[in-house]
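One structure is given here, and the rest of the page talks about it.
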Amino acid sequence: MWDGRHRGIVLTTMATFGAYLGWKIRSGDGDVEFTGKTARELHPTLMGLAFLFFFLGGQGGLVLLDVQNHPILNSTHAVTGLIGIALLAMQALLPKLFDGDNGNSARTIHAYLGTATMALLFIHAGFGLQLGFSL
């Protein structure tokens, strides 16, 4: 069953390693190979899959709360989840600006916003644990 533990594993493995690869790229080591792919190739794949898993997991959480007759969007966990999904979507769009005149600024925003997004997702996981123990 796909529950909070699995989303926690995605956060601590795929997304954290994806963020690490992002900083490798930012520091100029984007051609370093991991599992036969460069950091530059693997970063968008890992982060895209993490986004997909978080999005789908959020849907499952909403359905679970509804079935159990709990308020759906009335928790800090739900709010941080929605903000996290929005930030991940913004992160996915920023690379479209990398090649233009403001490419360096877009890369800087992408790097630091990505780090802030990861911090928020860890906070979100903490709120999820707290919510799970209270239900």
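All of the numbers you see were taken from the coordinates with simple rules; none came from a lab. These numbers were taken from a predicted model, which means no experiment stands behind them. Ideal geometry is used to build each Cβ from the backbone, glycine not excepted, and the neighbour counts take in all protein chains shown.
Results, tabulated for the structure shown:
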| item | result |
| --- | --- |
| Inter-residue pairs, beta-carbon under 6 Å, first in contact (Cβ under 8 Å) with a residue 60 or more places away in the chain and under 18 Å from G114 (Cα atoms) and in the range 21-46, second surrounded by 15 or more Cβ atoms within 10 Å (Cβ to Cβ) and aliphatic (A, V, I, L, M), 6+ apart | R26/A111 |
| Residue in the range 64-74 that is exposed (fewer than 15 other Cβ atoms within 10 Å of the Cβ) and either closer than 20 Å to T12 by Cβ or under 19 Å from the mean Cα position of the chain (by Cα) (or both) present | no |
| Unique residue being touching a His at 6+ places or on another chain (Cβ under 9 Å) and part of a helix (DSSP H, G or I) when the list is G61, G48 | G61 |
| Selection count where residues are in contact with a strand residue (DSSP E or B) (Cβ under 8 Å, 6 or more places away or on another chain) and more than 30 Å from V79 (Cβ to Cβ), scope the range 40-56 | 1 |
| Sole residue being free of Cβ contacts under 8 Å to residues at least 24 places away in the same chain and assigned to a helix (DSSP H, G or I), chosen from T108, T80, T115 | T108 |
